[in-house]
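Down below is the structure, laid out as structure tokens.
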Amino acid sequence: MDIHTIDFFYDLLFIMFLVGLVVFVSLYFVDAGYGKMRSDKWGPSMNNKVGWLLMECPVFFVVLYEYLKSLPLYGGVTQNAPYWVFFLIFEFHYIQRSFVFPFLLKGKSKMPFAIMIMSVIWNLINGYIQGYFLFHIAPNDPTYSHLYTSEWLTDPRFIVGTLIFFTGWIINMHSDHVIRHLRKPGDTKHYLPKQGMYRYVTSANYLGEITEWLGFAILTWSLAGLLFFWFSCCNLVPRANSIYHKYEEEFPDEFDRKKLKRIIPFIY
């Protein structure tokens, strides 16, 4: 493996940790203009369904590309079971997020082009980081090649991480279902979601997503996985704060300030 490529990978990894911090601080001062916080100040917009599809699918295809390149058929060395399990778990999320979720969205919402483009850039970078580490660096790094043997699938870190990942996925799926079914056909009113984890936090869907990537970081036990969890927190935690205050203003009579938290039950 080209040492310069490895150096580039770890430099990019370090830079993205810092970028995540900048995103975290910035989003406490500037609302990301999509979904509930959509604003015309972000410029021209596009169909929301198309926007979600375009911004989420790049990571699916980049990780698929990196995985296929790692197969012995194409000159790679990845053969152990953990590698294809990592691949299946990661792509399992993004099949739903890229090719199912956008078409479940209701209404005629818009997404700013700027948000879509920034998300595409992040997903391309993240896809490269996850795929290149798992399927090219790890098999050639003695630390990980000795870790990711068939025995890794019975390691407590893999088992616990996988359980956390799918717990987050279930929370995420159910929370999205609750949001989609808040209104009956023809109803245009806004409602405060109260089912499932929305009994505890105002952004239960974000809670599910960061839980998923916490699980992925643990089950891969890698800096690449940790970056994904870190960046998810940096993006979604301040956004959950904005949504919390929006609900607080919109539903002052229903909003229980002592009970409801933003994204972490009983804590924040």
Practice item. Run V59 past the list (1) part of a helix (DSSP H, G or I); (2) among the β-branched types (V, I, T); (3) modelled with pLDDT under 90; (4) surrounded by 14 or more Cβ atoms within 10 Å (Cβ to Cβ) and report the number of the one that doesn't hold. Key: (3)
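Would you please name the residue that is modelled with the lowest pLDDT, looking only at residues in segment 83-125 that are charged (D, E, K, R) and in a helix (DSSP H, G or I)? Reasoning before the result, please.
The initial filter retains those residues of segment 83-125 that are charged (D, E, K, R), namely 91, 97, 106, 108, 110.
Still in the running and in a helix (DSSP H, G or I): 91, 97.
Numbers: E91: 98, R97: 95.
The selected residue is R97.
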Check your understanding: Is there a residue in segment 249-268 that is farther than 29 Å from L124 by Cβ, assigned to a helix (DSSP H, G or I) and of a type in the set (D, E, K, R)?
Key -> yes
Practice item. Could you check, for segment 188-198, whether at least one of its residues is in contact with a helix residue (DSSP H, G or I) (Cβ under 6 Å, 6 or more places away or on another chain), farther than 19 Å from L27 by Cβ, in a helix (DSSP H, G or I) and hydrophobic (A, V, I, L, M, F, W, C)? Key: yes
Exercise for review: Test L226 against the criterion of being aliphatic (A, V, I, L, M), crowded, with 16+ Cβ neighbours inside 10 Å and under 11 Å from the mean Cα position of the chain (by Cα), and give yes or no.
Suggested key: no
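Here is a list: I218, I243, I210. Which entry is β-branched (V, I, T) and over 16 Å from the mean Cα position of the chain (by Cα)? Break it down stepwise before answering.
Values: I218 fails: over 16 Å from the mean Cα position of the chain (by Cα); I210 fails: over 16 Å from the mean Cα position of the chain (by Cα).
After ruling out the rest, the residue left standing is I243.
Tell me whether segment 4-14 contains one or more residues that are in a helix (DSSP H, G or I), within 18 Å of the chain's Cα centre (by Cα) and either at pLDDT 95 or above or crowded, with 16+ Cβ neighbours inside 10 Å (or both). Let's see the steps before the verdict.
In the first step, residues of segment 4-14 are kept if they are in a helix (DSSP H, G or I); the result is 4-14.
When the remaining residues are screened for being within 18 Å of the chain's Cα centre (by Cα), the result is 13.
Now narrow it down to the ones that are either at pLDDT 95 or above or crowded, with 16+ Cβ neighbours inside 10 Å (or both): 13.
Yes, segment 4-14 contains at least one residue that is in a helix (DSSP H, G or I), within 18 Å of the chain's Cα centre (by Cα) and either at pLDDT 95 or above or crowded, with 16+ Cβ neighbours inside 10 Å (or both).
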Practice item. Scan segment 140-159 residue by residue and report those that are outside any helix (DSSP H, G or I) and either under 25 Å from the mean Cα position of the chain (by Cα) or among the aliphatic types (A, V, I, L, M) (or both). Key: L147, Y148, D155
**Study point:** Residue in segment 238-246 that is on the phi > 0 side of the Ramachandran plot and at pLDDT below 95 present
**Key:** no
Check your understanding: S175 is checked against (1) surrounded by fewer than 20 Cβ atoms within 10 Å (Cβ to Cβ); (2) closer than 21 Å to A204 by Cβ; (3) of a type in the set (S, T, Y) and fails just one. What number does that condition carry?
Key -> (1)
Revision key, fill the gap. Filtering segment 62-89 for residues that are touching a Leu at 6+ places or on another chain (Cβ under 8 Å), over 18 Å from S222 (Cα atoms) and surrounded by 14 or more Cβ atoms within 10 Å (Cβ to Cβ) leaves a count of 1
**Study point:** Single unsatisfied condition, N241 versus (1) surrounded by fewer than 20 Cβ atoms within 10 Å (Cβ to Cβ); (2) in a loop (DSSP other than H, G, I, E, B)
**Key:** (2)
Exercise for review: Among the residues of segment 245-268, write down those that are under 16 Å from I210 (Cβ atoms) and without any contact (Cβ under 8 Å) to a residue 24 or more places away in the chain.
Suggested key: I267
Point to revise | T162 being in a helix (DSSP H, G or I), surrounded by fewer than 21 Cβ atoms within 10 Å (Cβ to Cβ) and without any contact (Cβ under 8 Å) to a residue 60 or more places away in the chain | key: no
Exercise for review: Six or more apart or on different chains, Cβ under 9 Å: which pairs go from a residue in segment 97-123 that's touching a residue at least 12 places away in the same chain (Cβ under 8 Å) and β-branched (V, I, T) to one that's surrounded by fewer than 19 Cβ atoms within 10 Å (Cβ to Cβ) and not in a helix (DSSP H, G or I)? Could you list them?
Suggested key: I115/G33; I115/R38
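The values are calculated or read from the model by the stated rules, or taken from the named source; none is laboratory data. Treat the numbers as computed from the prediction; the structure is a model and nothing was measured. Please note: Cβ atoms are built from the backbone with ideal geometry, for glycine as well, and neighbour counts cover all protein chains shown.
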